[in-house]
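Let me begin by presenting the structure, written as structure tokens, before commenting on it.
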Amino acid sequence: MKAIYQSTVGEGLTLTDTSYCPGCGHGIIHKLVMESIAELGKLGETIGVSPIGCSVVAHEYMNVEMCEAAHGRAPAVATGIKRVHPNHIVFSYQGDGDLASIGMTEIVHAAMRGEKFTTFFVNNAIYGMTGGQMAPTTLLGQKSTTSIDGRKKEISGMPIRVSELLATIDGAVYVERVAVNTPANVRKAKQAIKRALDVQQRKLGFSFVEFLSSCPTNWGLTPVNALKWVGEHMIPYYPLGIFKQPEEEK
Amino acid sequence: MAERVLMKGNEAFAEAAIRGGCRFYVGYPITPQSEIPEFMSHELPKRGGTFIQAESELGTINMSYGIGCAGGNVFISSASPGIALMQEGFSFLCSAEVPLVAMNVSRSGAGIGGIQPGQCDYNQVTRGGGNGDYHIPVFAPSTMQDAVDIIYESFEIADRYRNPVMILADGMMGQMMEPVVLPEPKTLYKDEADIANYKPWALTGSKGKANRNRIKSYHAHPAELEQYIDYLYEKYMRMEKELQRAESYHTDDAEIVFVAYGSMARIVREVLEVLRKDGIKAGMIRPISLWPFPTAPFEALNPEVTKVVISAEMSKGQMIPDIRLALKDRIPVKLFSRTGGIIPSTEEIVAFVKTLRKELK
């Protein structure tokens, strides 16, 4: 009988309970990333970098060799690792405070140099680990502990669209934004990961996947309503799709 | 093969690093050390190494952390304000036990200060500007040969303790030319595939290993973190004992003992000759390791013979607390200092000593 689904727990993921909140998108995204690497048969030749934020402990769950990076610096760290092991799969896994705020320089310059690793960018429009402060990606009007009446354009500007920004850089060869709010979108997210890893393995340049994800705890929503909020509020401002791909695949 | 050549300081530092086992160099332009990245950019790839120009000093220290995690032997260089930007990274590398060799070709003043030579990074490099309980061994050469020899050795020191090592040279040393004997190139690991044998803790992929490697700085549980801090503290105490280095010149009969390192020690060596010709018994202790600060030569001083110790610095007395601790305050300590990038002349130091002797009588 043909297996229709093979769990990656015990293979790509460790047999451990995670520290993530109920309804958080990290669990889904961890699984998709590790399933994709396991399907390539490359778990033993992969090195990951975890960020500062809730997923600093991603290495507890992702069953590959990994290190932690200082806040925002994961793309610089991944650059160093990839230069030592150019034939390994190397990735950084970062949130929006880490990547789009304190680490904007490192991500832009890694893309500019066309570093041949992949960044998985989890955008939930808020600082999670520190308790719900405004991020550069927080939506206009969205309440946070540092914007209690909602983000205002006059004070904090408009939320930044990272995928669109990176797509303007020549060295960024694959850039896609996906969401993990519905089963259909989760399936599409996995395809994006596989395409990004393929670009990395072919050494074409920098590859990047942005995931719109939920943070029920800091949004003050139930897990189900948080997923609805992604569809109703985040996707209209952060459109899904491929912003950059190798010429021959267009 | 060892060879005697005439080289500019910064280029000799880079050449010594390559011969000592550096396979990766990361840097960012900053005066007065920019010849190091320039030299590395064309020389290192020819010798099978990798040069990366980073977007900032934050980029430099974090790329080199990644290289270190992956088991590559990495060298970085910068100058005072650039080293200040890297402090987050130094703290991180120490906590994650990742080796690195860093060179600080220091300049003068706080903030932007000036681009002329200075020694006012003493506190920055010996105390560290990063968070947490950590230490970095700091070596301060005073001749080009000292510099070449200690850079050459530092890769093995860094790997032995799994900790960054810093070389502190001032801008004068970076810019001057001097003959040096370059040691024979060493190979610390053959190729990428050999890293796992040389550094079994490094991230090389879990394939074929019983347990996957992880390199961490974060510890969520206080008891676990305290245990880890104690483990590192024990290592720092071992380093403190094993890495103290100094040279003493004519200290046995000296009524005046200078303490000087780096370029200042070169000048004081001349001062000693002039003073001795004038019948003034002067000596010098030259700390080679600034952390750990070498205590033995200070313990050997006899207060019956040595009446005063002079800390000669291109900074404002930053070394004095270490000297007083090493002396256990048995002998008074005075400061001779020039700053702002001004290198003192032999004559002005001689005059300072003669005035001081009159005051003491």
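Evaluating 6.51 cos²θ - 1.76 cosθ + 1.60 at θ = phi - 60° for every residue in the range B:227-237, the Karplus couplings come out as 4, 5, 4, 5, 4, 5, 4, 4, 5, 5, 5 Hz, glycine and proline recorded as x. Mean partner shielding of peptide A:40-48, defined as the number of other chain Cβ atoms within 10 Å of each residue Cβ, is 4.
Close amide H pairs (under 5 Å, H built 1.01 Å from N) link residue B:336 with B:311, B:312, B:313, residues at least 5 positions away or on another chain.
Rounded to the nearest 5, the antiparallel percentage of DSSP beta bridges internal to the range B:247-360 is 20%. The share of alpha-carbon pairs in the range B:321-361 lying farther apart than 13 Å comes to 65%. Ordered from longest to shortest, the equivalent ellipsoid semi-axes for the range B:91-151 are 22, 18, 9 Å, each the square root of 5 times a Cα gyration tensor eigenvalue.
In this rough spin-label picture, where each label sits 7 Å from Cα along the Cβ direction, the residue B:304-residue B:226 distance is 4.9 nm.
Annotation note: trypsin sites (Lys or Arg not before Pro) in the range A:96-167 located in DSSP loop regions with a Cβ neighbour count of at most 13 within 10 Å are A:152.
Taking +1 at the Cβ of each Lys and Arg and -1 at the Cβ of each Asp and Glu, which of B:52, B:176, B:302 sits farthest along the dipole of the protein assembly as shown towards its positive end, judged by Cα position relative to the Cα centre? Most positive-ward Cα: B:52.
Taking a point 7 Å from the Cα of residue A:140 along the Cα-to-Cβ direction, the residues of the range A:222-241 with backbone N closer than 12 Å to it are A:237.
Relative to one another, the C-alpha centroids of the range A:183-250 and the range B:79-114 are positioned 38 Å apart. Computed on chain B, with alpha-carbon pairs under 8 angstrom and 6+ residues apart, the relative contact order is 18 percent. Spatial offset of the range B:193-223 relative to the range B:325-360 amounts to 50 Å, using the alpha carbon center of each. Size of chain A from its Cα atoms: along the principal axes, largest to smallest, the extents are 49, 44, 35 Å. Computed from the C-beta positions of residue B:191 and residue B:255, the FRET efficiency with R₀ = 51 Å rounds to 0.30. Placing unit charges on the Cβ atoms only, positive for Lys and Arg and negative for Asp and Glu, gives the range A:26-249 a dipole magnitude near 180 debye about its Cα centre.
Considering only the Cα atoms of the protein assembly as shown, their convex hull presents on average a projected area of 31.6 nm².
Of all aspartates and glutamates in the structure, those lying under 14 Å Cα to Cα from residue B:358, and not within fewer than 8 positions of it along the same chain, are B:255. What the Cβ-Cβ distance of residue A:6 and residue A:182 gives, at R0 = 22 Å and to the nearest 0.05, is a FRET efficiency of 0.50. For residue A:25, the residues whose modelled amide H falls within less than 5 Å of its own, excluding neighbours fewer than 5 places apart on the same chain, are A:214.
Charges were assigned to the Cβ only: +1 to each Lys and Arg, -1 to each Asp and Glu. The resulting dipole of the protein assembly as shown about its Cα centre is roughly 720 debye.
Considering only chain B, what is the antiparallel percent among its DSSP beta bridges, to the nearest 5? Roughly 30 percent of the beta bridges in chain B run antiparallel, per DSSP. Loop-only chymotrypsin sites (Phe, Trp or Tyr not before Pro) in the range A:1-71, please: DSSP not H, G, I, E or B, and at most 10 other Cβ atoms within 10 Å. Counting only loop positions with at most 10 other Cβ atoms within 10 Å, the chymotrypsin sites (Phe, Trp or Tyr not before Pro) in the range A:1-71 are A:5. Take every DSSP beta bridge whose two residues both sit in the protein assembly as shown; close to 25 percent of them are antiparallel. A Förster radius of 25 Å combined with the Cβ-Cβ distance from residue A:224 to residue A:149 puts the calculated FRET efficiency at roughly 0.45. Each pair of Cα atoms in the range B:247-360 enters the Kirkwood radius, and Stokes-Einstein at 4 °C and 1.567 mPa s then converts it into a translational diffusion coefficient of 93 µm²/s. Within the accessible surface of the protein assembly as shown, defined with a 1.4 Å probe on protein heavy atoms only, the carbon and sulfur portion equals 54 percent. Counting Cβ atoms of other protein chains within 10 Å of each residue's Cβ and taking the mean over peptide A:57-69 gives 6. Think of chain B as having a plus end and a minus end, set by charges on the Cβ of Lys, Arg, Asp and Glu; of B:195, B:92, B:70, B:92 sits farthest toward the positive end of this dipole. Which of rounded, prolate, oblate describes the range A:1-53, given a ≥ b ≥ c as roots of the alpha-carbon gyration tensor eigenvalues and a/c under 1.5 marking rounded, otherwise prolate only if a/b is larger than b/c? Oblate, because a/c is 1.5 or more while a/b does not exceed b/c.
Positive end of the dipole of the protein assembly as shown (Cβ unit charges, origin at the Cα centre): among A:79, A:134, A:63, the Cα lying farthest that way belongs to A:134. Residue by residue along A:103-112, Cβ atoms of other protein chains within 10 Å of the local Cβ number 2 on average.
Heavy-atom accessible surface of the protein assembly as shown, averaged per residue, reaches 39 Å², computed with a 1.4 Å probe. With a 1.4 angstrom probe, the accessible area lost at the B-A interface totals about 2800 Å². In this Cβ point-charge picture (+1 for Lys and Arg, -1 for Asp and Glu), the range A:1-122 has a dipole of about 360 debye about its Cα centre. Let me know the shape class of the range B:99-192, please: from the alpha-carbon gyration tensor, a ≥ b ≥ c as square roots of the eigenvalues, rounded when a/c is under 1.5, otherwise prolate if a/b is greater than b/c, or oblate. Oblate, since a/c reaches 1.5 and b/c is not below a/b.
Under the simplified labelling scheme, the residue B:209-residue B:238 pair shows an inter-label distance of 2.0 nm, with each label point 7 Å from Cα along Cα→Cβ.
Just to confirm a number: summing +1 for Lys and Arg and -1 for Asp and Glu over residues other than residue B:181 whose beta-carbon lies under 12 angstrom from that of residue B:181, what do you get? Value of the local net charge: -4.
Working note: Karplus 6.51/-1.76/1.60 with θ = phi - 60° gives the range B:110-123 the couplings 8, x, 6, x, x, 9, 7, x, x, 10, 7, 8, 3, 5 Hz, where Gly and Pro are set to x. Checking every one of the chymotrypsin sites (Phe, Trp or Tyr not before Pro) in the range B:77-152 against DSSP loop status and a limit of 12 other Cβ atoms within 10 Å picks out no site at all.
For residue B:258, the residues whose amide H sits under 5 Å from its own are B:283, B:284, B:285, B:310, ignoring neighbours fewer than 5 places away on the same chain, with H placed 1.01 Å from N.
Across the protein chains, with a 1.4 Å probe defining accessible surface, the residues B:22, B:120 rank B:120, B:22 from largest area downward.
The values are calculated or read from the model by the stated rules, or taken from the named source; none is laboratory data. It should be emphasised that the depicted structure is a prediction, and the values quoted were computed from it without experimental measurement. Backbone-built Cβ (ideal geometry, glycine too); neighbour counts: all protein chains shown. With ligands, DNA and RNA removed, areas are computed over all heavy atoms of the protein, side chains included. Shrake-Rupley method; radii C 1.70, N 1.55, O 1.52, S 1.80 Å.
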